[in-house]
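J.: There's a structure below that I have some questions on.
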Amino acid sequence: MRSRRIPRWRLLTWVILAFNLGMLLWLVVALDAAGEGGQRCGGELCRDAVDLGSSTAAWLVIFFWLAGVVLLGIAWFATHRTEGPRGRHRR
């Protein structure tokens with residue numbers, strides 16, 4: 001019987017995964033709240049303001065998401081272990 005070996009990910013890999021899931025959740029919640037805000041308005045001017053605010057908020061979340069992924073990606077690559085002279089990972 002062959003045993004399956006679960007890959008051992010680095011801590012920073014888990015941080016990147018958690019960050020992406022958190023940002024996705026934040027984007028979904030922000031867009032859901034924006035949709036509910038437009039239902040509370042009575043006039044067209046109010047709905048237009050909510051639409052502008054919600055699109056601005058969504059782009060802001062996407063900007064923070066991309067900036068965070070770039071910074072975490074740079075940190076991930078900078079801390080990547082390289083192979084030593086005998087083909088083993090340095091510890």
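The values are calculated or read from the model by the stated rules, or taken from the named source; none is laboratory data. As the structure is a prediction and not an experimental result, all values here were calculated from the model. Cβ coordinates were reconstructed from backbone atoms using ideal geometry, including for glycine residues, and neighbour counts include every protein chain displayed. Side chains are part of the model used for accessible areas, which takes the heavy atoms of the whole protein and leaves out ligands, DNA and RNA. Shrake-Rupley method; radii C 1.70, N 1.55, O 1.52, S 1.80 Å.
J.: Could you identify the single residue in Ile74, Ile62, Ile16 that is open to solvent by 80 Å² or more (accessible area, probe 1.4 Å), at pLDDT 80 or above and either of a type in the set (Gly, Ala, Ser) or part of a helix (DSSP H, G or I) (or both)?
T.: Ile74 is the lone residue from the list that is open to solvent by 80 Å² or more (accessible area, probe 1.4 Å), at pLDDT 80 or above and either of a type in the set (Gly, Ala, Ser) or part of a helix (DSSP H, G or I) (or both).
J.: Give me the residue from the stretch 45-59 that is modelled with pLDDT of 80 or more and not aliphatic (A, V, I, L, M) and, out of that set, least open to solvent (accessible area, probe 1.4 Å).
T.: Thr56
J.: Have a look at Gly38, Gly87, Gly42 and point out the one that is modelled with pLDDT under 75, in contact with a helix residue (DSSP H, G or I) (Cβ under 6 Å, 6 or more places away or on another chain) and open to solvent by less than 100 Å² (accessible area, probe 1.4 Å).
T.: Residue meeting the stated conditions: Gly38.
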